[in-house]
Structures are given as C-alpha cells and as structure tokens.
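> Sharing a structure with you now.
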Amino acid sequence: MTNQILKEPIITEKSMKQTEGGSYVFKVEKGVTKNQIKEAINSAFGVDVVEVMTINVKGKKRKSGQHSIEISGYKKAIIRLASGQKIEAFEEPKSKKISVVSRSRSEQKKKEEKTK
C-alpha cells in the first residue's frame, strides 16, 4: 500500500536544505489524505511524523510548434519528523562529497616542486 501512496522523493537543493530541519518532500498520489501519507511514512521508514503538509502542483502547458502539450500535475507532501529522527535514504554520505579545484598546469608543477 505504501508503494501506491508514495511515488518518489523530490530531491532538489531546497528540499535537501529542509532535511537539516527534519522536513522531507515526496511526490504522492493525488487522491490520498494526510493521515494516509502519515501512515505510509511510518510503515515505510519507521519514523514518527509530526506534521504533513500537502500541495497540489498544477500541470504546465508547453508549446511544440503548432501543438500545445499539457504536462500533468502532481501532489507534493512535505513531511516533518519528530526531533532527532532522520530518514536514512535522504542522507548524503560525507565521503562522496566532491570538491573541485581547477589549476593550470604551471600551478600544479609549482605545487609539486614545493612539496619535493
């Protein structure tokens, strides 16, 4: 039943910042209630849900030449958990964070010479 209610997590910059405060964002089926979403989260992840907020996101119209295409909307649920609880699927492993440093070859050679 939880697979029918919870479609997928919404992972954006904004939703990942909300996870620090204990809020998580999911796409859910259009006809479900807040209580059904709360029960689905409890059974799927084993956490205590404090609050469920839902938003009906409207579909958008796109033009493709002469034709107009409508992209269907969806229902979004923002879940707030009890303090100190987390959903592990959303947590990013710290070892996989990438730091990118770009240097020119001459700077790299200078750095290598200094370390020798």
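> Looking only at residues that are in contact with a helix residue (DSSP H, G or I) (Cβ under 9 Å, 6 or more places away or on another chain), of a type outside the set (A, V, I, L, M) and assigned to a helix (DSSP H, G or I) in the range 1-27, which one is farthest from residue 90 (Cα to Cα)?
The qualifying residue farthest from residue 90 (Cα to Cα) is 4.
> Separate question: Residue 85 - would you say it is surrounded by 11 or more Cβ atoms within 10 Å (Cβ to Cβ), modelled with pLDDT under 95 and of a type in the set (S, T, N, Q)? Spell out how you get there, then give the answer.
Numbers: surrounded by 11 or more Cβ atoms within 10 Å (Cβ to Cβ): yes; modelled with pLDDT under 95: yes; of a type in the set (S, T, N, Q): yes.
In short, yes.
> Does at least one position in the range 47-63 carry a residue that is of a type in the set (Ser, Thr, Tyr) and at pLDDT below 95? Can you show your working first?
Within the range 47-63, the first condition is being of a type in the set (Ser, Thr, Tyr), and the residues that meet it are 54.
Then keep just the ones that are at pLDDT below 95; that gives none.
No, that holds for no residue.
> Working only within the range 28-65, note down all residues that are more than 11 Å from residue 79 (Cα to Cα) and either part of a strand (DSSP E or B) or in contact with a Pro (Cβ under 6 Å, 6 or more places away or on another chain) (or both).
Once the filter is applied, which keeps residues that are more than 11 Å from residue 79 (Cα to Cα) and either part of a strand (DSSP E or B) or in contact with a Pro (Cβ under 6 Å, 6 or more places away or on another chain) (or both), the range 28-65 yields 28, 55, 56, 57, 60, 61, 62, 63, 64.
> Those residues that are surrounded by 12 or more Cβ atoms within 10 Å (Cβ to Cβ) and among the polar types (S, T, N, Q), I need them from the range 44-66; list them, please.
Residue satisfying the conditions is 54 alone.
The values are calculated or read from the model by the stated rules, or taken from the named source; none is laboratory data. Quick caveat, the model's predicted, so the values are computed rather than measured. When we count neighbours, we look across all protein chains shown, and the Cβ atoms used for this are built from the backbone with ideal geometry, even at glycine.
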